[in-house]
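Following: one structure in structure tokens, then a few remarks.
The values are calculated or read from the model by the stated rules, or taken from the named source; none is laboratory data. All values derive from a computational prediction rather than experimental measurement. As a convention, Cβ positions derive from the backbone with ideal geometry for all residues, glycine included, and neighbour counts pool all protein chains shown.
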């Protein structure tokens, strides 16, 4: 049974989300701010975190900054503002997906299941891939750059795995979105650009002049294995 940690300072929303998640067969842990969530995450080892942005004591952004230092568990961010800036900041800090309040609890449950399916299901055949110093280990879901392990979020790993599985092939943003979320939700294709930006910072020597992950303007991205 999967453990979901929900973090929000609205008690009524926590109650509603917990009821829906329990009904769908999940275990649920709760926290009311980022600091409490850090402590709770250490104890319960969640499979996925649903994280509000605006909270007292420690907000969602500060939580992500701390949490991503040691863990790569998928995070779905909740934001009350339809703000591109908030969304981009969250994704750059390591969130895998986002939802804007208000939302239907059933949609969030569907999004949670989609992210978990993507994490559990191999996106490429189970063999090691290596190109010019980047080595991907599907059996461990790990990536080495040079001789060092490079921690990637689940979304970043899925993107790199798909791109490396077919060097030279151009993948549209929609195809890449399906790889990171398992399903395509209307209006969310822009998240791919932020995930690609983060991925380049981690695997490219110079993220502003990428050698491996190339932009195909107007279409999407491709991996150069030359």
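So that you can scan it fast, the table gives a plain yes or no per residue for (1) more than 21 Å from residue 48 (Cα to Cα); (2) surrounded by fewer than 18 Cβ atoms within 10 Å (Cβ to Cβ); (3) at pLDDT 90 or above:
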position: 140; (1), (2), (3): no, yes, no
position: 154; (1), (2), (3): no, no, no
position: 191; (1), (2), (3): no, no, no
position: 205; (1), (2), (3): yes, yes, no
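Condition test on residue 167, is it outside any strand (DSSP E or B) and farther than 21 Å from residue 71 by Cα? Outline the logic, then answer.
Working: outside any strand (DSSP E or B): yes; farther than 21 Å from residue 71 by Cα: yes.
When the stated conditions are applied, residue 167 passes them.
Residues checked against (1) more than 24 Å from residue 102 (Cβ to Cβ); (2) assigned to a strand (DSSP E or B); (3) touching a residue at least 12 places away in the same chain (Cβ under 8 Å); (4) out of contact with any helix residue (DSSP H, G or I) (no Cβ under 7 Å at 6 or more places or on another chain):
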site	(1), (2), (3), (4)
12	no, no, no, yes
30	no, yes, yes, no
39	yes, no, no, yes
55	no, no, yes, no
Of all residues in the stretch 17-28, count the ones that are part of a helix (DSSP H, G or I) and surrounded by fewer than 14 Cβ atoms within 10 Å (Cβ to Cβ).
3
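Just wondering, is there one or more residues in the stretch 38-54 that are outside the structural domain of residue 191 (by TED's automatic domain parsing) and modelled with pLDDT under 85? Working first, answer last.
We begin by selecting, within the stretch 38-54, every residue outside the structural domain of residue 191 (by TED's automatic domain parsing); these are 38-54.
If we keep only those that are modelled with pLDDT under 85 too, we end up with none.
No: zero hits.
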